[in-house]
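J.: Right, I'll just put the structure down here and ask away after.
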Amino acid sequence: MSAMIESDKPPRAAPDRPAGGLRAMLSMSPLAAIMAAVLILLMLPAVIYLVQSSFYETKFDGSFGAFTFRHYVELFTNDRFLKNLVNATIYASGSAAVAIFLGVVQAWIVERTNTPGRSFVLIISIISLGVPSVLYTISFLFLLGKTGPLNQLLMWMTGSATPVFNIYSLWGMIVIEGIEFAPLSFLLLSSVFRSNDAAFEEASMMSGAGIVTTFRRITLRLALPGVLALLILIFIRAFESFETPALVGRPGGVNVLTTDIYAAIQVEIPANYGQAGAFSVMLLLIVVVLLYWYGQLSRHAEKFQTITGKGFRPRVMDLGRWRWLTAGILVLMFFVIIGFPVGIVFWVSLVPYYDGVHMAALKLMSFAHYGTVFTSNMFQGSLANTLILGAASASIVAPFTALCAWFAVRRQKGGAVLDQLASLPLIFPAIVMGVAYLQVFLHMPILYGTLLAIIIASSVRYLPYGMRYSYAGILQIHKELEEASALSGARQATTFLRIVMPLVAPAMVTCWLFVFLVAVKAVSVPILLAGPNSQVVAVTIFDLWQNGVIGELSAMGIIWTLMMTTVSVGFSLLARRYGLNVR
Amino acid sequence: MLEVRDLFKQYTTADGTPGGGVFGATFDIREGELFTLLGPSGCGKTTTLRSIAGLEKPEGGRIALAGTPIYDAGLRLNVPMYERDIGMVFQSYAIWPHMTVFENAAYPLTVGKKRMGGKEMRDKVMGVLDLVGLKAFAERPAPQLSGGQLQRLALARALCREPALLLLDEPLSNLDAQLREQMRAELKRLQKETGVTAIYVTHDQSEALAISDRIAVMKDGLIMQLGAPREIYGRPTSEFVAQFIGRTNLLHGRLDADTPEGATARLETAIGPVVCTFPAAVKASPRMGIVIRPENVAIARAGSPAAGALPAENRFEGRVRSETFLGEIAEYEIDIAGQAILVRARPDTEVRPGDAAVVAFPIAQTLALIED
């Protein structure tokens, strides 16, 4: 189907009427207009309530009281905000640096050397897509905690009677988050390294430059915009992340903006909605600025990537005997990123109580925790809820974004508006979106605390993700395939049903699986919206950790990881098959 | 059969400046003919074709198919494409990859107004597939076909519905050179066999000359000349057409008096006085174009008996700059008073680079351009 990819963009026909705001809205097709209205209806109240909550007193019943600047004044007079902002910045930059370092090493080995078995690195990406980030963070607390194997080893080596290092600290957060983002960093850096044509480097060498000069002045300069853009992307993702700061930072007294928002609502009694609102608005503003910067940079990076000559091929270096060393590094990476974390969770799920990794525990191992988990109503309930949440969100997002993408790719009236609306949720950090929808549902008591509320918020949150897959999918269908149907005498609806639908089906399934995978992983939105009957797996794991029930937690985590890895494998196969590797 | 009047459509580029389009095309297409829109990219030929198909909405003019208007700007009428009795072969073939060969060809008979079913449809489809030589491939998945077969299938699909008009949008541009010539002949055969009226869009002048009953040469959204292939080639009316179709020698001279159709006149040019024929009446002009095709120029080595036999009128002496041997023909570039004149002659002509040569332009084929 690759031959069908549309390459030439004809000049856009002059619109019949001047394009612009309301006029454009009025002239679009009824379907596009309805879809735009639905999107606005879903998002606008959340934004309004969020901003409102930061400017009003909130009464005990959740309704708004008097207007006030108090929340913002407190924000700036209290040094807590500034301190947490500094923490968040250090934490996010550190994580980005760690992730980029791990990513560069992996991407260079995989894309530019002849290291044996390098294609197996893919397994890391596939499994990491199936592990909820809350479980991942916990696995590192098992590994690096006071009784964890690393501390034990160091204590044995140094003869120290107390743990050598404390993971519940700022640098602990940085290491864990950095490793968690390594697969994403690897994936995006691979494409940067892959798009460097060897001819650029060879041309430099032929001009008389040595290897070092070539690397410095050509290779590095060409890769720099891409690496820089990625650095900012991971910085943003870490800046708005919740799991690691909540599980690692908070117990160690290191707070960031997201954990403050969470604490204001879930820990303080009564919930301080005003403060959470003000923090959320500030976080939102910061992320918008960062995203704008990222957009500028990545556009610049793409410009660099498109300058490739014909007969394009990346240079693969023959490392000779050194390739066994790079192979060793890849194996080590695999263990650090996937092997050890999953292994330790499996260990913890088998032992009655976790007090480190040692031989004595082997005799006590059993599947008792699995038995408990399987028979517990709580697990069954949250498992069912999570599957419903994932399936429902994916089933809403996939067809909806397919239509949006069709309108946008075919340059139909309203297509650009739909594209922008569906991409808008990208600017909301997950926790901010949670706060915003919490406000919406506080004012809609029927939905408050229900699974439906989480499904609605999740669907909005993952619209931009779905949009990327759908857009890529529709882009692969040559316009003439549809035109040929129309000229065969078929009406628009028939064409959509018999030509467009079957052709985008693979992309739709891929999109569905991806949205499913990310929706079931999330903690931030459900943790604020879930009621007693709408718990989901990730939140349950979070709660079990808070209550110290780590055996069951681990058993549950292993079962869940197995299930999701299966889905993830299916997703990866499809995405690869249809060339839809976007992220 | 098809009437197009004052067709107008203007494109705007991404930065808001006016782009290409078609600015007032008018022509009629006769029943059963193969009509070609020929021109360089951006000349408006594809816009014209897509407007007829209904894939593009024009901004002015009108189009009528078999006496029924399908687009009329004045009446605000624009018949949707699925209601127009038109079949189209796309540049990319647009063969649906999720269907078999049979399903692709049968599709037009399963949707829209000309729906049919069962044996009737099967016979019809198999008949058309037989016509294009794809009968044996009917049950193949479409992606397994080769380029030439995809082309045939696209044609079969367009013909299945027996449309009043068949549109072909650069159908051969994706084929390699050898296959292109073969398909060109076959397209013409099938068009004559089925008797379908067809509009063919191409930028390849030799393709247009080989296949068409009539050609409309377009430039910048306007039709420059319309006529049969021999007429377009033999009597170009403008510099653009003369140079776009085949290769030509172009001279300029001053015409002092209005000249009637069929007359001859002597004009002073860069290489000396040239006598040319006027295919139509022309007003006096300070810079009149004169064209002569390279194959119409007679050539001989200076001093040879052949040179003596050349006529005295339109006879010039020059030096051979270069020779290009092309097999069936040889091309010479002759320097006459600093101007390069291209000559195509039999390869056994005894003229070599550096030689002094004599050339002669037959008056009947030395044509004044009646348009700028």
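J.: What aspartates and glutamates could a cross-link reach from B:K124, if we take a straight Cα to Cα line under 15 Å and drop same-chain neighbours fewer than 8 places away?
T.: Cα-Cα hits under 15 Å: B:E103, B:E162.
J.: Okay, moving on. For an R0 of 56 angstrom, estimate the FRET efficiency from the Cβ-Cβ distance between A:L224 and B:R266 and round to the nearest 0.05. All intermediate terms of the calculation are to be shown ahead of the outcome.
T.: Values: r = 70 Å, r/R0 = 1.26.
Step by step, r from the Cβ atoms, then E = 0.20.
J.: Along its principal axes, what span do the Cα atoms of the range B:110-218 show, with the longest given first and each in whole Å?
T.: Principal-axis extents of the range B:110-218 (Cα, largest first): 44, 30, 21 Å.
J.: Identify the residues of the range B:105-141 with backbone N under 15 Å of a label point that sits 7 angstrom from the Cα of B:L179 along the Cα-to-Cβ direction, or state none.
T.: Those under the cut-off are B:134.
J.: Continuing with the same structure: Kirkwood Rh and Cα-based Rg: tell me the resulting Rg over Rh for the range A:103-224, rounded to two decimals.
T.: Numbers: Rg = 19.8 Å, Rh = 17.4 Å.
Rg/Rh for the range A:103-224 comes to 1.14.
J.: Could I ask something else about it? Give me the percent of Cα-Cα pairs in the range B:329-372 that sit more than 14 Å apart, rounded to a whole number. Could you put the intermediate results ahead of the total?
T.: Values: 557 of 946 pairs.
Here the long-distance tail beyond 14 Å is 59 percent of all Cα pairs in the range B:329-372.
J.: On to the next question. Considering only B:L7, B:S322, B:V132, whose Cα is most displaced toward the positive end of the charge dipole of chain B, charges sitting on Cβ of Lys, Arg (+1) and Asp, Glu (-1)?
T.: Final value for the positive-end residue is B:V132.
J.: Work out the length of the dipole vector of chain A about its Cα centre, built from +1 on the beta-carbon of each Lys and Arg and -1 on the beta-carbon of each Asp and Glu, and round it to the nearest 20 debye. Intermediate values should be presented prior to the final figure.
T.: Numbers: 37 positive and 26 negative charges, 288 e Å.
In total the dipole reaches around 1380 debye.
J.: Calculate one ³J(HN,Hα) per residue across the range B:56-64 by plugging θ = phi - 60° into the Karplus curve 6.51 cos²θ - 1.76 cosθ + 1.60, and present them in order as whole Hz with x for glycine and proline.
T.: With the stated coefficients, the range B:56-64 comes to 10, 9, x, 10, x, x, 8, 10, 10 Hz.
J.: What value does the protein assembly as shown have for Rg/Rh, both radii from Cα atoms and Rh as Kirkwood defines it?
T.: Working: Rg = 36.9 Å, Rh = 33.8 Å.
Here Rg/Rh amounts to 1.09.
J.: Also: Going through the range A:461-566, which chymotrypsin sites (Phe, Trp or Tyr not before Pro) have at most 10 other Cβ atoms within 10 Å and a DSSP loop state?
T.: Values: sites: A:Y462, A:Y465, A:Y469, A:Y471, A:F496, A:W512, A:F514, A:F516, A:F542, A:W545, A:W560; in loops: A:Y462.
Sites meeting the loop and neighbour criteria: none at all.
J.: Follow-up question, since we're still on this one. Which chymotrypsin sites (Phe, Trp or Tyr not before Pro) does the range B:274-372 hold that lie in a coil by DSSP with at most 13 other beta carbons within 10 Å?
T.: none
J.: With unit charges on the beta carbons (Lys and Arg positive, Asp and Glu negative) and the dipole taken about the Cα centre of the protein assembly as shown, which residue among B:V297, B:A360, A:A416 sits farthest to the positive side?
T.: A:A416
J.: Using DSSP, restrict attention to beta bridges with both residues in the protein assembly as shown and report what percent are antiparallel, rounded to the nearest 5. Mind showing how you got there, number by number?
T.: Details: 65 of 85 bridges.
Around 75 percent antiparallel, to the nearest 5.
J.: Give the lysines reachable from A:K363 as a straight Cα distance under 27 Å; neighbours fewer than 8 places away on the same chain don't count.
T.: Leaving aside lysines fewer than 8 places away in the same chain, those within reach of A:K363 are A:K146.
J.: So which residue, out of B:P294, B:P311, B:P40, gets the largest mean-square fluctuation from a GNM of chain B using Cα contacts under 10 Å as springs?
T.: Comparing B:P294, B:P311, B:P40 in the GNM, the peak value goes to B:P311.
J.: Right, something else. Going from the alpha-carbon gyration tensor of the range A:429-583, what semi-axes, largest first and in whole Å, does one get by taking the root of 5 times each eigenvalue? Please list the in-between numbers first.
T.: Numbers: eigenvalues 279, 86, 26 Å².
Listed largest to smallest, the semi-axes of the range A:429-583 are 37, 21, 11 Å.
J.: Arranged by the count of other C-beta atoms within 10 angstrom, fewest first, what order do A:F279, B:F8 take?
T.: Numbers: A:F279 27, B:F8 17.
If I rank by nearby Cβ atoms, fewest first, I get B:F8, A:F279.
J.: Per-residue HN-Hα couplings for the range A:522-533, Karplus 6.51 cos²θ - 1.76 cosθ + 1.60 at θ = phi - 60°, whole Hz, x for Gly and Pro?
T.: These are the phi-based 3J(HN,Hα) values: 5, 10, 3, 6, x, 5, 8, 9, 6, x, x, 9 Hz.
J.: Which of A:M157, A:M205, B:M99, B:M224 has the fewest other C-beta atoms within 10 Å, and how do the rest follow up to the most? It would help to have the intermediate numbers written out before the result.
T.: Numbers: A:M157 9, A:M205 13, B:M99 18, B:M224 21.
The fewest-first ordering by Cβ neighbours comes to A:M157, A:M205, B:M99, B:M224.
J.: With a 10 Å Cβ neighbour count serving as the proxy for reagent exposure, in which order, fewest first, do B:H203, A:H358, A:H369 appear?
T.: Working: B:H203 19, A:H358 11, A:H369 22.
By the 10 Å Cβ count, ascending, the order reads A:H358, B:H203, A:H369.
J.: How big is the range A:49-123 on each of its three principal axes, counting only the C-alpha atoms and giving the largest first in Å?
T.: Largest to smallest, the principal-axis extents are 67, 27, 16 Å.
J.: For the charge dipole of the range A:141-241, defined by +1 on Lys and Arg C-beta atoms and -1 on Asp and Glu C-beta atoms about the Cα centroid, which residue among A:S190, A:N166, A:L230 has the Cα displaced farthest towards the positive pole?
T.: Highest projection toward the positive end goes to A:N166.
J.: Over 25 Å between Cα atoms, which of B:K119/B:K188; B:K135/B:K192; A:K479/B:K192; A:K479/B:K57; B:K45/B:K135; B:K9/B:K114 qualify? Write down the numbers at each step before the final one.
T.: Values: B:K119/B:K188 30 Å; B:K135/B:K192 20 Å; A:K479/B:K192 30 Å; A:K479/B:K57 16 Å; B:K45/B:K135 33 Å; B:K9/B:K114 31 Å.
B:K119/B:K188; A:K479/B:K192; B:K45/B:K135; B:K9/B:K114, as the Cα separations exceed 25 Å there.
J.: Simple spin-label model, 7 Å along Cα-to-Cβ: A:V38 to B:A284 in nm?
T.: Spacing of the two 7 Å Cα→Cβ label points: 7.5 nm.
Rule-based calculations on the coordinates, nothing more; no lab input. The structure presented is a predicted model; accordingly, all values stated were derived computationally and were not measured. Note: ideal-geometry Cβ built from the backbone for every residue, glycine included; neighbour counts use all protein chains shown.
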